[in-house]
1. Show the residue pairs meeting these rules: Cβ distance below 6 Å; 6+ apart or different chains; first residue within region 130-147 and touching a residue at least 24 places away in the same chain (Cβ under 8 Å); second residue loosely packed, with under 15 Cβ neighbours inside 10 Å and of a type in the set (Asp, Glu).
2. Got a sec? Which helices (runs of 4 or more DSSP H) wholly within region 1-117 have at least 1 residues that are modelled with pLDDT under 95?
3. Of the numbered conditions (1) of a type in the set (A, V, I, L, M, F, W, C); (2) under 16 Å from Met1 (Cβ atoms); (3) touching a residue at least 12 places away in the same chain (Cβ under 8 Å), Met37 satisfies every one except a single condition; which is it?
4. Among what's in region 185-207 and is β-branched (Val, Ile, Thr) and surrounded by fewer than 16 Cβ atoms within 10 Å (Cβ to Cβ), pick the residue that is farthest from Leu132 (Cα to Cα).
5. Any residue at all in region 165-176 that's at pLDDT below 95, closer than 30 Å to Asp44 by Cα and among the hydroxyl-bearing types (Ser, Thr, Tyr)?
6. Would you mind stating whether Cys27 is in contact (Cβ under 8 Å) with a residue 12 or more places away in the chain, in contact with an Asp or Glu (Cβ under 9 Å, 6 or more places away or on another chain) and either surrounded by 21 or more Cβ atoms within 10 Å (Cβ to Cβ) or over 19 Å from Arg158 (Cβ atoms) (or both)?
Amino acid sequence: MAKGMAEFQQNSNLNGLDNLVEMDRYCYYVAGVVGEMLTELFCDYSAQIADNKKLLQHLAISFGQALQMTNLLKDIWEDRQRGVCWLPQDIFAPFELKNLTPNHYNPAFGDGLIKLIAIANSHMHNALRYILLIPASEIGIRRFCLWALGMAALTLRRILKHKDFSQSQQVKISRRSVKTTILISNLATRSDISLRILFHLLTKNLP
């Protein structure tokens, strides 16, 4: 993480990253390694979880990317104020990210957002697979993961609905939504069927 973050910070600018592969690398250094570390801890804690370690480690990277892409999209404008842009140029072509300004929405930029939301959504499906590999008896670990996944899904829905947003506060989910996510996740933690249904309802309108 330290090596990767240093590399990206030293080369950051408002032009964005070269391509989607570079954004994947960025998400790995910021969040994928965290997923790997947590998975190591979970597997060390539980022999039953460790039975699926290889698949969990693979899915953990995708889980981390789902969360990081959500944050990346939500914080576009705050990042630009700091002089950085983590969006991939190839996804937004022919629109140039260096010309991106708040309160001047460009449909071509919105098209790029939709593509990235779709990619993040595919990673969220892997995140659900990850959670369902955790034994239902491990309520605490499941809830920890479910809360993050639920809030990310709600945030992506808001970004999709407000592609012309100009600050993160406009797409940030409400405290009520946070409380509801936690409550529903807690009630459904043990039931794989319920979690699949809830996830489908949360993401059915996402690309």
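The values are calculated or read from the model by the stated rules, or taken from the named source; none is laboratory data. Since this is a predicted model, take the numbers as computed values, not measurements. Cβ atoms come from the backbone with ideal geometry, glycine included; neighbour counts cover every protein chain shown.
1. Leu132/Asp192
2. Answer list for region 1-117: 2-10, 53-74, 76-81, 89-92.
3. The number of the failed condition is (3).
4. Ile197
5. No, region 165-176 has no match at all.
6. no
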